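The values are calculated or read from the model by the stated rules, or taken from the named source; none is laboratory data. Being a predicted model, the structure only gives us computed values, none of them experimental. Note that each Cβ is placed from the backbone with ideal geometry, even for glycine, and that neighbours are counted across all protein chains shown.
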Amino acid sequence: MYTEISRRQFLAMGGKVALGAGLAGPLLAGCGGDGGGSGQVTYWSNLEGAGPQDYFKKNIEKPFEKANQGTDLKVTFQPSTEMDRLVRTALQGGEGPDIIMTPGPAYAQEYIDANLFAELDEYSDQYKWDDKLLAWALDLGRYEDKLYSIPYQLQTMLLYYNKTLVQDKGMEPPKSRDELESMAEELQGQGITPFAAGIGDDPAAIEWFPTVFWNHYSGPDALYQALTGEIPFSDPVFVEAIELFNNYVQKGWFGGSREKFFSNGFDALHADLGDGKAAMNIEGSWFLADIDDFFQDSGDDWDWAPLPPLRSGIPAELYELGLGSTLSINARAQDAEGAAAFIDYLVADKKHVAEWMAAVPSLFNAPLPFTESDFPASMDDRVTRQLASLSQATDKGNFGYTAWTFWPSKSDVYIQEEMQKVLTGDITPSEFCSGLDETFTKDRKEGAVPKIIKPGSS
Amino acid sequence: MEADRSTMEDGTGLAKYAGGSGLRRRRLLTAWLFMVPLLVINVLVILGPSVATIYYSLTEWAGIGPAEFVGLQNYRDLLADGDFWMAMWHNVIWTVLFLTVPIFMGLLGAFLLSQIKRFQMFFRIAYFVPYVVASVVNAALWQNILDPTRGIGSALASIGIPFLDGVSFFGSERLALPSVAFVNIWAWWGFILLLFLTALQSVDHELYEAARMDGAGRWQQFLNVTLPGIRPTFVFVVLWSIINSLLVFDYVYIITRGGPAGASEVVGTLLWKQAFERFEAGYAAAMALSLSFVSGLVVLIFIFLRRRGWEV
């Protein structure tokens, strides 16, 4: 049906549309801008799950706003695996949050090159971040001697195990390669998967394993040399580490079989560990945040141990250093000062951070020089021990490197994608390492390698 | 002409004519003004990004920051990219699967449903439901059903039927692509069935009667009455299946992300990885345009066939 409208009505409608469009401009422009202190700070957080998110709102967001009257903190929770893509898309459209989270220092460089990050040196002086934060971590946020990002969510790789099961079998967590292999064979013979493992939910998680095998087989000295360009990644010491991992997967030690390793999701593999269908799990310290959930049904106990050396000459207690994210300030942030105040509150306020770390293990780990006495007595002693062990080992220089923190982003993506082809037999460990060396050499020439700290020099 | 002139010379007629013309102009103007927002939206969300994609496909661009013009280099790289051709081959396999399995099932299901009156609506709804359920829900459902340790395989094994026990449908290089296609077909075929059923119901029943009187059996009736009767729908389904198969993304991305080791990679997931994991958005744009080119080619072939007199 055709309904006529009068010219007056039409003009009135057109006027409203035009007015709407006219208003939309300034409103949309308000999302970006050059600064001036709007009092609103937008932050996209990678916290997942109702528990951590509610904790954040109640114990971090509200207290921060109370302590910083006039600053309105707007928090949006984004899936951690999608964060970088969402941020890139938003920034490309001239939008994005005031505080930008990246997956790690190696990923921050492209943003800096595109002039999307504000320099933080002024705020570092104001909040004395040089005095508060660990020097090695802060150095990872510098680019051409200017500070652009603040390291966050300090991580390491651990060997989790079902304590009840392992003790029932009269075993102990392995302390050497021989112990690990004999334990794995015995467990497999009894129908228990030695290591709960799988990349079905996040294929990129395959990088945990080259990270662990390179650190605990090749060793941090060899990795330092490779990351600084002294030796190539095609060196036999790296190839052998990949061969060893591949060998273990083909034996079905990781996830039960190669096919299951490809398809197992995190919930399933964690449930296997909690139910005693699997004995151990190699994963980052972030798993401390929800490991208890998977042991509730069985009532079993869990614990963690340092990953064992897989070759002679590798330190017995060696922890890979990793950062789950970095925090930077959007160059277009309206209230950059408010954003800096929040970063300081979130990362550098030792007393508060220790409380949050005790309440929600691992997810709020800031690179601060903690001692055991900094943490409340209510903290799970396994978490306290993990933090203390990491701190002590780092003090001795017994640290290694995680791929997602110290490898440039393209080399990191190469590891994530090509490692699967080694396991399927499409490429050999040697071809994999040669390809990595090629990609890494290009990355190095482009200046994409973050600052590498020397083992023993923390 | 005489009559026209006389009308124009007539004062009343002239006013009438002028009034009619003005009204038409107003109506036309109003229609165009209502079209403007739609046109603006289309320019903003379709034409603009399309032109931008063409431009970025000629650049080296990380997805953020400035883009460097490299001419046709991305397209030259694409021709030599083994991963791209492997993904394209997987799209071809996917297309073949979607041109056969769901169309056969849809036709058969529609024919069988057309023979019954009771519970027809129940079956229609039952078959159609998976199509309207979000792909992420369907994918999660089948990931659980086909889980190698907690799924149907181990359930069957527990009652003495062990042949699927421990089979990792989505973790096996051999099974991953057909398994994901199976999940997508499960969600898709009910929709095809409904399209065919609607088409079948529009075929004149007298034609069947005439065919029967001529001694035609069921199969001959299907070939000579049913198929010609539903040809427009059939061709539409074929065209749509081809284009959907070339652009497939969601189920592969959700279930396997193209793995293991690229065994289920299709061009859609590969270009997503290029853009958002490898940060080679310029190259991804070239890949996307190449895919659009192939889809466009399919449409052009159909248009060409129509012009040649095919009833498509």
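Step by step: first the residues of the range B:256-297, then only those that are more than 18 Å from A:THR89 (Cα to Cα) and polar (S, T, N, Q), then the one that is nearest to the other protein chains (Cβ to nearest Cβ). Which residue is that? Step by step, filter the range B:256-297, then rank; the result is B:THR256. All conditions but one from (1) closer than 25 Å to A:TYR143 by Cβ; (2) in contact (Cβ under 8 Å) with a residue 24 or more places away in the chain; (3) more than 22 Å from the chain's Cα centre (by Cα) apply to A:VAL449; the one that does not is (3).
For the criterion of being part of a helix (DSSP H, G or I), without any contact (Cβ under 8 Å) to a residue 60 or more places away in the chain and either farther than 30 Å from A:GLY256 by Cβ or within 14 Å of chain A (Cβ to nearest Cβ) (or both), B:GLY153 passes.
Residue check: A:GLY104 meets all listed conditions (1) at pLDDT 90 or above; (2) surrounded by 23 or more Cβ atoms within 10 Å (Cβ to Cβ); (3) touching a Leu at 6+ places or on another chain (Cβ under 7 Å) but one, namely (1).
Of the set (1) out of contact with any Ser or Thr (no Cβ under 9 Å at 6 or more places or on another chain); (2) over 20 Å from A:GLY104 (Cα atoms); (3) surrounded by 19 or more Cβ atoms within 10 Å (Cβ to Cβ); (4) in the same structural domain as A:PRO232 (by TED's automatic domain parsing), all apply to A:SER409 but (2). Among the residues making up the range A:286-334, those that are in contact with a helix residue (DSSP H, G or I) (Cβ under 6 Å, 6 or more places away or on another chain) and either in a helix (DSSP H, G or I) or acidic (Asp, Glu) (or both) are A:LEU288, A:PHE294, A:PHE295, A:ASP300, A:ASP301, A:ASP303, A:GLU317, A:GLU320.
Looking at A:TYR161, A:TYR107, A:TYR111, A:TYR143, just one residue is at negative phi, in the same structural domain as A:LYS410 (by TED's automatic domain parsing) and among the aromatic types (Phe, Trp, Tyr), and that residue is A:TYR161. Inside the range A:270-320, residues that are over 25 Å from the mean Cα position of the chain (by Cα) and charged (D, E, K, R) make up a count of 6. Screening the candidates A:GLU337, A:GLU372, A:GLU355 for the property of being in the same structural domain as A:ASP131 (by TED's automatic domain parsing), more than 20 Å from A:LEU120 (Cβ to Cβ) and in contact (Cβ under 8 Å) with a residue 60 or more places away in the chain yields one hit, A:GLU355. Inspect all residues belonging to the range A:48-67 and state whether any of them is surrounded by fewer than 16 Cβ atoms within 10 Å (Cβ to Cβ), modelled with pLDDT under 90, away from chain B (no Cβ under 14 Å) and assigned to a helix (DSSP H, G or I). For the range A:48-67, residues surrounded by fewer than 16 Cβ atoms within 10 Å (Cβ to Cβ), modelled with pLDDT under 90, away from chain B (no Cβ under 14 Å) and assigned to a helix (DSSP H, G or I): present.
Go over the candidates A:ALA271, A:ALA241, A:ALA226 one by one and state the one that is in contact (Cβ under 8 Å) with a residue 12 or more places away in the chain and touching a Ser or Thr at 6+ places or on another chain (Cβ under 6 Å). Lay out the reasoning, then the answer.
Working: A:ALA271 fails: touching a Ser or Thr at 6+ places or on another chain (Cβ under 6 Å); A:ALA226 fails: touching a Ser or Thr at 6+ places or on another chain (Cβ under 6 Å).
None of the other options fit; the residue is A:ALA241.
Restricting attention to the range B:207-216, does a residue exist that is surrounded by fewer than 22 Cβ atoms within 10 Å (Cβ to Cβ) and among the aromatic types (Phe, Trp, Tyr)? Checking the range B:207-216: at least one residue is surrounded by fewer than 22 Cβ atoms within 10 Å (Cβ to Cβ) and among the aromatic types (Phe, Trp, Tyr). Please go through the range A:377-422 and pick out each residue that is under 19 Å from A:ILE199 (Cβ atoms) and over 17 Å from the mean Cα position of the chain (by Cα). Across the range A:377-422, the qualifying residues are A:TYR414, A:GLU417, A:GLU418, A:MET419, A:GLN420, A:LYS421, A:VAL422. If you go through the range A:372-391 one residue at a time, do you hit one that is within 14 Å of chain B (Cβ to nearest Cβ), among the acidic types (Asp, Glu) and more than 22 Å from B:ARG257 (Cβ to Cβ)? Within the range A:372-391, not a single residue is within 14 Å of chain B (Cβ to nearest Cβ), among the acidic types (Asp, Glu) and more than 22 Å from B:ARG257 (Cβ to Cβ).
Being in contact (Cβ under 8 Å) with a residue 24 or more places away in the chain and either outside any loop (DSSP other than H, G, I, E, B) or of a type outside the set (Asp, Glu) (or both) is true for just one of B:VAL180, B:VAL92. Which residue is that? Reasoning before the result, please.
Values: B:VAL92 fails: in contact (Cβ under 8 Å) with a residue 24 or more places away in the chain.
The conditions single out B:VAL180.
Kindly establish whether A:THR441 is of a type in the set (Ser, Thr, Tyr), within 14 Å of another protein chain (Cβ to nearest Cβ) and surrounded by fewer than 18 Cβ atoms within 10 Å (Cβ to Cβ). Answer is no for this residue. Against the numbered list (1) outside any strand (DSSP E or B); (2) buried (at least 23 other Cβ atoms within 10 Å of the Cβ), A:GLU179 comes up short only at (2).
Tally up the residues in the range B:250-290 that are among the hydroxyl-bearing types (Ser, Thr, Tyr) and outside any helix (DSSP H, G or I), please. Outline the logic, then answer.
First pass over the range B:250-290, keeping only residues among the hydroxyl-bearing types (Ser, Thr, Tyr): B:251, B:253, B:256, B:264, B:269, B:283, B:290.
Still in the running and outside any helix (DSSP H, G or I): B:256, B:264.
The number of residues fulfilling the criteria is 2.
Counting residues that are within 12 Å of chain B (Cβ to nearest Cβ), modelled with pLDDT of 95 or more and surrounded by 18 or more Cβ atoms within 10 Å (Cβ to Cβ), which helices (runs of 4 or more DSSP H) fully inside the range A:218-273 reach at least 2?
On the way: elements: A:220-227, A:236-250, A:258-263.
Fully inside the range A:218-273 and qualifying: A:258-263.
Scan the range B:158-174 and give yes if some residue there is in contact (Cβ under 8 Å) with a residue 40 or more places away in the chain, assigned to a helix (DSSP H, G or I) and away from chain A (no Cβ under 14 Å), otherwise no. The answer is no; no qualifying residue exists. If the condition is being polar (S, T, N, Q) and either over 21 Å from A:LEU318 (Cα atoms) or assigned to a helix (DSSP H, G or I) (or both), then the range A:133-158 contributes only A:SER149.
Would you confirm whether any residue within the range A:198-214 is among the hydrophobic types (A, V, I, L, M, F, W, C), surrounded by fewer than 20 Cβ atoms within 10 Å (Cβ to Cβ), part of a helix (DSSP H, G or I) and at pLDDT 95 or above? Taking every residue of the range A:198-214 in turn, at least one turns out to be among the hydrophobic types (A, V, I, L, M, F, W, C), surrounded by fewer than 20 Cβ atoms within 10 Å (Cβ to Cβ), part of a helix (DSSP H, G or I) and at pLDDT 95 or above.
Any residue at all in the range B:217-230 that is surrounded by 13 or more Cβ atoms within 10 Å (Cβ to Cβ), under 13 Å from the mean Cα position of the chain (by Cα), in a loop (DSSP other than H, G, I, E, B) and in the same structural domain as B:SER135 (by TED's automatic domain parsing)? Checked the range B:217-230: no residue is surrounded by 13 or more Cβ atoms within 10 Å (Cβ to Cβ), under 13 Å from the mean Cα position of the chain (by Cα), in a loop (DSSP other than H, G, I, E, B) and in the same structural domain as B:SER135 (by TED's automatic domain parsing).
A residue that is modelled with pLDDT of 90 or more, more than 14 Å from chain A (Cβ to nearest Cβ) and outside any helix (DSSP H, G or I) occurs somewhere in the range B:75-85. Selection of the range A:74-117 for residues being more than 10 Å from every other protein chain (Cβ to nearest Cβ) and over 22 Å from the mean Cα position of the chain (by Cα) yields A:LYS74, A:GLY93, A:GLY94, A:GLU95.
Residue count for the range A:418-458, restricted to those that are outside any helix (DSSP H, G or I) and either farther than 14 Å from A:GLU243 by Cβ or at pLDDT below 95 (or both): 14.
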